[in-house]
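Right, one structure below, let's go through it.
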Amino acid sequence: MNIDPQLLKAAHRGDRKAQYALYRVCFPVLMAVCMRYRRDEQEAVSALNNGFLKIIQNLDKYRRDEVPFEAWIRRIMINTAIDAFRREKKWRELTVFTDEIERAHPEEPVDWNEAEQRLSVQHIENLLRKLPPVTRQVFNLFALDGFSHREIGEMLGMSEGTSKWHVNNARKQLQTWIKTELNTAV
């Protein structure tokens, strides 16, 4: 993403047309981040708008020579999603986790090349949304955004071991769902 510095300056000065132009340019990148952390499109758009407001309010802190603009706005959006997650934490229903995941045929290997050919990105995103909220959040931070278990633990107030458990649990669950879908599609 290559953003015109004049557009950033105008947006920072409060030029509404420049802010809207910046919003339109950033929307695809930011929406992709939000869809990984929210349950549906409506929640994702709401999170995107909150995050974009933070981006506009903090344009004076962006240093072009230190970090690419896309990386900077992604970080703000991820932090906004984590903040919303923390606020909602007390309202979420209790989810019971089990260590054992039932599998129809655990001895059969999954052909991941076949899975890649048959399952669309949208379908995989839908599978990610089926994960319990905390597990999905941790998995996204680790597998998609590249945070370490230590960093995730600090962000979400959990131990590194708990973070690792959530990632492992998400992987097992996703593998089970994908394997089941591949077996039923044959």
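Checking every one of the chymotrypsin sites (Phe, Trp or Tyr not before Pro) in segment 1-93 against DSSP loop status and a limit of 12 other Cβ atoms within 10 Å picks out 91. For segment 112-185, treating each Cα as an identical point scatterer without solvent, what Debye log10 I(q)/I(0) comes out at q = 0.23, 0.27, 0.28 1/Å? Once normalised to I(0) and log-transformed, intensities are -0.98, -1.20, -1.26. What does a probe at residue 65 reach in segment 1-22, counting residues whose amide N is under 19 Å from the point 7 Å along Cα→Cβ? Backbone N within reach: 3-6, 8-9.
Tell me which trypsin sites (Lys or Arg not before Pro) from segment 1-82 have a DSSP coil assignment and no more than 12 other beta carbons within 10 Å of their own.
39, 63, 64
As a rough footprinting exposure proxy, the listed residues 33, 45 were ranked by other beta carbons within 10 Å of their own, and the order from fewest upward is 45, 33. The ranking of 184, 162, 135, 80 from fewest to most other beta carbons within 10 Å of each one's beta carbon is 184, 162, 135, 80.
None of the figures in this text is laboratory data; all of them are computed from the coordinates on show. Not measured: the values here are computed from a predicted model. Because the Cβ atoms are built from the backbone with ideal geometry, glycine has one as well, and the counts that use them run over all protein chains shown.
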